[in-house]
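The next block holds one structure in the form of structure tokens; read it before the comments.
None of the figures in this text is laboratory data; all of them are computed from the coordinates on show. All values reported here derive from a predicted model rather than from experimental measurement. Note that each Cβ is placed from the backbone with ideal geometry, even for glycine, and that neighbours are counted across all protein chains shown.
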Amino acid sequence: MANERDPMSPTKIGLGVLWPTCWTGLPIKLAFAVLAFALGWMELEGRLGLAFLMLLGSPVTIFAVPLIAVTLEGHFGEGIGLPLLFLLSIPIDIWAFGIVGKTYFLERFRKEPPDGLGFRLWWKSAVAGAFFLPVLWYVVSLVTETAVSTSHSLSQMESLRQLFHTGLPIAERIGLEVTIWGTVSFMVLILLLTIGISWIGRIIRDMASVAQPLSDNYQALITRWDLMRVPSDQGLFMTAVAGVGVVLCVLFWVALPITTPHPHECCQKEEAKAEPPFKPIEVLTRTEQEMAQIEALVLAVEQSQEPGKDATENGKGKGAEKVESRKPEGSPAVTKQ
Amino acid sequence: MQQPTISNEPSTAIEKIVAFLDARVGLKEIQAKMLNEPIPGGSRWAYVFGSILLFIFGMQALTGILLMFYYVPTADHAYASTQYIIHDVDYGWFLLGYHFWGSSAMVVCVIAHMSQVFLWGAYKPPRELLWLVGLALFGIVIGFGFTGYLLPWDQRAYWATTVGVEMVDKVPLLGDFLARFLKGGPTPGQMTLSRFFVIHVMILPAALMALAGLHLFLFRVAAPAGPFQGTSEEIKAKTDYFFPRQIWKDMVGMAAVFVTICGLAFWEPVVLLEEATPDPGEYHPEPEWYFLFYFQLLRLKVFAGEFGQFMGAVALPVLFMVLLVALPFFDKDPERNIFKRPVALISWIFIMAIIAIFTVSSVINREFLD
């Protein structure tokens, strides 16, 4: 009979479940994240590492991130892609929690995994994260701000100024400051993360305490959790995975801009102005009208220059008026000759 | 009564081709050797780094070849052809972005892989040669980054190379020759670009392929190092073969790295500075981000002056590499659990802390320069 192992610490249990859960779901979520990038649905505020961590930790950050954004003005990014990605990560995380949780129950606790383990682990972790992560965010931000200002004051101390004749050199000063505030912030972050992981570990341990112990030997347990990871219809699974992959690739290819979305100032392209469409009938009619006008103009000029006709004063005046009125814009002032 | 016979004769065209090749090169034996490698304790996500590195190298080679269709390695046209790739070639900006971030991913994965080997004590006997070849591969990856950085021929490329070659110049005995060989003249110019290009696209890929093959061979001879958790009975119960479990994990790892690099190419595409000139103007020379910590380290007062520069630019990195090379030979303790090797654990934390602190410091230092 396989006996239950020595009781494990809640931190170890929490880490043992959360770490593989995060990585199990991440590759799927990443594919959708890149697609959201390509479609222009998501803009990150220069905090790619933070966004990556959020996505990695979405089993616990799912409710915490909107809370932090609203109450603590934490700004992660913009675009419809971010909430969509978080919504999409819910079923992925439930599936990942299920597969990791069942394995952990069988292999480590040697207990029968309860029904709906994935969903139960997901919502309990998400609620715990919603309470804990805003506190962590606030405390770490506060500690970092205080540590930065304190380290800055320390590096300006008079004793250090005397040690170096011209004060502490810039590179040393920056290095010293970063070491001081970085160490303090990192220690606080690690401490709080350990508390949070331990909390999740306690939740999992409580669930395991009421689960049925298993009487199978170790080989049988391994075979069971191993088979749990193999889909019943492998052909269908591979086809589905390949199909989704192809669809995502095609969508990505369609959404991918052909030329760079960030052109260099040397290579800005002028906006191409579309030429008006060529309409032969209209052009022909207009040309005919212009020809008729010019013909009439030439006729009028010829008549005005004929001897005897322009001798009378009245006739001269009328002829001149007509020519002036028919003269096309921009044409030479032939009447003044 | 006549017994029904089962024929082993190949029937389809593919089976016939496979049988033809198998008869001549032993295809099935090679396949069995490649795929049926036992993994004590079962497949693990922690084992994917080697395969991921091979995948990144393959993608770098592919994107590099595509970029070479348009890139002109001359001082007159390198900058313009790179701008042409970014602005005119269909999807050129994405290819260049992928190649650029792929090089960073390679450095990150190499360091992660080396850290893993160090922390797990996988460099200890009988895997000394595996460790040494791995170190040589690390050097090649860094060489790829250094030589590739010059190719766009903008201010960033030009001045980072100038600083790098000056550091090479400080190496005793060989430094002057190496610096002159790399530059090919008093200042970086056409000869420098040609030499860096040849090293980047011919010498380093050939060296990497040869050493990666040797690394894989040595790995198969030495077998996986673990760590294997549990009793010997438990490890035996969980043992499976390289195919299909580990291959599946490797494929998922490769896909994750692929989409991460695609995301980075989108999020931070390559944008060139002004074309390279011997006058830096207001530009402050800076290396690629993974060298920033070292660049900041060299700004410390202790590394000023002729002797200080020699210590920082030459003695320190050479000493570090000598320590890494000698590591499996002076660390004879068979203990491999990192929590029972405090010196190794503290050393690793110290090095990582130095890298993190000085990288952040370098970014802050920019404000003072600007």
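Ranking B:G50, B:T162, B:F146 by how far each Cα lies toward the positive end of the dipole of the stretch B:44-291 (charges on Cβ) leaves B:G50 at the top. Across peptide A:174-181, the mean count of Cβ atoms from other chains lying within 10 Å of each residue's own Cβ comes to 6. Between B:T162, B:T260, B:T12, the Gaussian network model of chain B with springs among Cα atoms under 10 angstrom shows the greatest mean-square fluctuation at B:T12.
Is the stretch B:26-174 rounded, prolate or oblate when judged by the Cα gyration tensor, a ≥ b ≥ c being the square roots of its eigenvalues, rounded requiring a/c under 1.5 and prolate requiring a/b larger than b/c?
Cα axes put the stretch B:26-174 in the oblate bin.
Rounded to the nearest 20 debye, the dipole size of the protein assembly as shown about its Cα centre is 2560 debye, using +1 on the Cβ of Lys and Arg and -1 on the Cβ of Asp and Glu. Computed from the Cβ-Cβ distance with R0 of 41 Å, the FRET efficiency linking B:I338 to B:A207 stands at 0.85. Placing unit charges on each Cβ (+1 for Lys and Arg, -1 for Asp and Glu) gives the stretch A:10-255 a dipole about its Cα centre, and among A:V250, A:S215, A:L67 the Cα reaching farthest toward its positive end belongs to A:S215.
Here the Karplus relation 6.51 cos²θ - 1.76 cosθ + 1.60, evaluated at θ = phi - 60°, turns the backbone of the stretch B:48-59 into coupling constants of 7, 4, x, 5, 4, 5, 5, 5, 4, 4, x, 5 Hz, with x for every Gly and Pro.
Database remark: amide H of B:D154 closer than 5 angstrom to the amide H of B:A276 (H placed geometrically; neighbours at sequence offset of 5 or more, or on other chains; Pro and chain starts carry no H). Compactness check for the protein assembly as shown: Cα Rg over 2.2 N^0.38 Å is 1.32. Summing Lys and Arg as +1 and Asp and Glu as -1 over all other residues whose Cβ lies under 13 Å from the Cβ of B:I86 gives a net charge of -3. Between B:T161, B:T147, B:T359, where does the largest GNM mean-square fluctuation fall for chain B, given springs only between Cα atoms within less than 10 Å? With Cα springs under 10 Å in chain B, the top fluctuation among B:T161, B:T147, B:T359 is at B:T359. Taking B:V25, B:V270, B:V314 as the candidate residues, the one with maximal mean-square fluctuation in a Gaussian network model of chain B, Cα springs under 10 Å, is B:V25.
Is the C-alpha gyration tensor of chain B telling us rounded, prolate or oblate? Criteria: a/c under 1.5 is rounded; beyond that, a/b larger than b/c is prolate, otherwise oblate.
oblate
Within the shell of other residues whose beta carbon sits under 11 angstrom from the beta carbon of B:L218, the net charge comes to +1, with Lys and Arg scored +1 and Asp and Glu -1. Along the axis of the charge dipole computed for the protein assembly as shown (Cβ charges of +1 for Lys and Arg, -1 for Asp and Glu, origin at the Cα centre), the listed residues B:S194, A:M228, A:H262 are led at the positive end by A:M228. Over 25 Å apart at the Cα level, from the set B:K170/B:K332; B:K28/B:K124; A:K102/B:K33; B:K16/B:K249; B:K124/B:K340; A:K29/A:K111, are B:K170/B:K332; B:K28/B:K124; A:K102/B:K33; B:K16/B:K249; A:K29/A:K111. Placing a label point 7 Å from the Cα of B:L54 along the Cα-to-Cβ direction, the residues of the stretch B:201-237 whose backbone N falls under 19 Å of that point are B:205-226. Computed over neighbours whose Cβ is under 13 Å from that of A:G14, the net charge equals +4, Lys and Arg +1, Asp and Glu -1. Distances between placed amide hydrogens fall under 5 Å for B:Y241 paired with B:I39, all partners being 5 or more residues away or on another chain.
Here's the picture: a label point sits 7 Å out from the Cα of A:T150 along the beta-carbon direction, and within the stretch A:181-208 the residues with their amide nitrogen under 19 Å of it are A:181-193. Derived scalar couplings between HN and Hα for the stretch B:227-241 equal x, 9, 8, x, 6, 4, 5, 5, 4, 5, 5, 8, 4, 9, 9 Hz in order, rounded to whole Hz, by the Karplus curve 6.51 cos²θ - 1.76 cosθ + 1.60 (θ = phi - 60°), x for Gly and Pro.
Using θ = phi - 60° in the Karplus curve 6.51 cos²θ - 1.76 cosθ + 1.60, the 3J(HN,Hα) couplings for the stretch A:65-80 round to 4, x, 5, 5, 4, 7, 7, 10, 6, x, 10, 9, x, 9, x, 5 Hz; x is entered for Gly and Pro.
Here the stretch B:220-322 is treated with +1 on each Lys and Arg Cβ and -1 on each Asp and Glu Cβ, and its dipole about the Cα centre works out to around 760 debye. For the stretch A:212-281, chymotrypsin sites (Phe, Trp or Tyr not before Pro) meeting the loop criterion (DSSP other than H, G, I, E, B) and having at most 16 other Cβ atoms within 10 Å: A:F278.
The stretch between A:E112 and A:R224 holds 39.2 nm of extra length on full extension. This uses 0.36 nm per residue minus the Cα-Cα distance.
Amide H to amide H distances under 5 Å link A:G77 with A:E45, where only residues 5 or more positions off or on other chains count and H is placed in the peptide plane. Each residue, B:M191 and B:D240, gets one label point 7 Å from its Cα in the Cβ direction; the gap between the two is 5.9 nm. For the stretch B:44-291, the Cβ-based charge dipole about the Cα centre amounts to some 1220 debye (Lys, Arg positive; Asp, Glu negative; other atoms uncharged).
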